[in-house]
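Engineer: Sharing a structure, written as structure tokens. Questions coming.
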Amino acid sequence: MTMPRSSLVSLSDTPWYHVVCRCVRRAFLCGEDSVTGQSFEHRRGWIEARIRKLASVFAIDVAAYAVMSNHYHLVVRIDEERTRGWSDEEVLKRWTLLFKGPLFVQRYLSDARSEMSDAELDRVGQWVELYRQRLCDLSWMMRVLNETIARMANAEDNCTGRFWEGRFKSHALLDEQALLSVMAYVDLNPVRAAIAETPETSDHTSIKQRIEDLSPDDRKDKAKATTCAVQETEVLENLKPGKNTLLNLQIESAFKKLPEAPLLPFEPTCSLGTGIPFTLEDYLELVDVVGRVVHPDKRGFILERTPAILVRLGIDAEEFVANADQFLKEFGCAVGTPDKMIELAVQKQSRYLRGISKARAVFENGKAA
């Protein structure tokens, strides 16, 4: 049964979400077309760069991502509290990096602010509160991301029509166990699909970015980013933006100058606070171990020892590894330990949440240390 978006993304339940969005008909519109041989790999760079830049505008932090040839995954944390600390001017400046905004807003941000009447300032105040809500709204971030990429791709192909299969799908991540499982699932997508041998060689993923951040030599990736930016500029220059399009060239020019937001840091003492509640070392160990198992050409790998992070969270190692490549398919709108899923079902007055059986198999391995 279809559920309203307001029910699927509810910050009173959790600020953590997994998001997936697919290209129409799952065509290779972001990778290499095996039939024609035409490569669209550069579009994966578009998506990766825009995800990171949008995170610097919205109060939505990116914990993990993987941009594949026909879909992409995101794991995010929505920080509603952060928006409350932004001044009215800060909110308007952020929003006008994405949209031109009403005339009153433009005047408020210009030298003409002192000439505005009280009624006009009150109207601007109403816009501020609306934009404040939107800047911590996952649906708005996804709309800006997907519509912009679709318009750019259609302009490059000189065509019209859908680029994405539909609206994004999401899973609420209710606890540390769910967050760890889904982040590992996302970061291992290229390895699982056999387009990368190891996590550190999997392009357009957060795990590769985190590993590179530990290394001082990132000249190759900077060159790749420059090439991607040039291709993006060429596409934008060929567009003829309409009155209401997201691709206002003046806005795009300012948006491109934004720095990419850093990935959400690992903070093992925060317990699902403002950071990822594990150590980076433990997480990299887990991804490395599981990556050796889920690669299609390396099945049958036996764990020599259980990664410490699984022991701490009370996750059954054998079940975790066995379900590493099919994990999310077993769940519906939420992922978590059985207790958390039952608690959510009670809150939503639902008799059942899909995935409870899988949650019991993977997450009920004794109490976490």
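The values are calculated or read from the model by the stated rules, or taken from the named source; none is laboratory data. From a predicted model like this one, the values you see are computed outputs, not experimental measurements. Reconstructed Cβ throughout: ideal geometry from the backbone, glycine too, with neighbour counts over all protein chains shown. Accessible surface is based on the protein model in full, side chains and every heavy atom, while ligands, DNA and RNA are left aside. Shrake-Rupley method; radii C 1.70, N 1.55, O 1.52, S 1.80 Å.
Engineer: Considering only residues of region 320-367 that are under 23 Å from Asp288 (Cα atoms), surrounded by fewer than 18 Cβ atoms within 10 Å (Cβ to Cβ) and over 23 Å from the mean Cα position of the chain (by Cα), which is modelled with the lowest pLDDT?
Structural biologist: Ala322
Engineer: Please enumerate the residues belonging to region 11-30 that are at pLDDT below 90, touching a helix residue (DSSP H, G or I) at 6+ places or on another chain (Cβ under 9 Å) and either under 18 Å from Leu74 (Cα atoms) or open to solvent by 60 Å² or more (accessible area, probe 1.4 Å) (or both). Please lay out each step first, then the result.
Structural biologist: Step one: of region 11-30, the residues at pLDDT below 90 are 11-13, 24-30.
Still in the running and touching a helix residue (DSSP H, G or I) at 6+ places or on another chain (Cβ under 9 Å): 11-13, 29-30.
Listed by number, the residues that qualify are Leu11, Ser12, Cys30.
Engineer: Return the total of residues in region 48-61 being surrounded by fewer than 21 Cβ atoms within 10 Å (Cβ to Cβ) and in contact with a strand residue (DSSP E or B) (Cβ under 9 Å, 6 or more places away or on another chain).
Structural biologist: Here the count works out to 1.
Engineer: Can you name the number of the only condition in (1) within 30 Å of Thr337 (Cβ to Cβ); (2) open to solvent by 60 Å² or more (accessible area, probe 1.4 Å); (3) of a type in the set (D, E, K, R) that Asp175 fails?
Structural biologist: Checking Asp175 against (1) within 30 Å of Thr337 (Cβ to Cβ); (2) open to solvent by 60 Å² or more (accessible area, probe 1.4 Å); (3) of a type in the set (D, E, K, R), the one that fails is (2).
Engineer: Filter region 148-172 down to the residues that are assigned to a helix (DSSP H, G or I), modelled with pLDDT of 90 or more and either of a type in the set (D, E, K, R) or open to solvent by 10 Å² or more (accessible area, probe 1.4 Å) (or both) and list them by number.
Structural biologist: Within region 148-172, just Ala150 meets the criteria.
Engineer: In a helix (DSSP H, G or I) and either at pLDDT 85 or above or open to solvent by 80 Å² or more (accessible area, probe 1.4 Å) (or both): does that describe Lys240? Talk me through it step by step, then tell me what you get.
Structural biologist: Working: in a helix (DSSP H, G or I): no; either at pLDDT 85 or above or open to solvent by 80 Å² or more (accessible area, probe 1.4 Å) (or both): yes.
Here the answer is no, as Lys240 does not meet what is asked.
Engineer: Can Val76 be described as at pLDDT 95 or above, part of a helix (DSSP H, G or I) and among the hydrophobic types (A, V, I, L, M, F, W, C)?
Structural biologist: Working: at pLDDT 95 or above: yes; part of a helix (DSSP H, G or I): no; among the hydrophobic types (A, V, I, L, M, F, W, C): yes.
For Val76, the condition - at pLDDT 95 or above, part of a helix (DSSP H, G or I) and among the hydrophobic types (A, V, I, L, M, F, W, C) - is not met.
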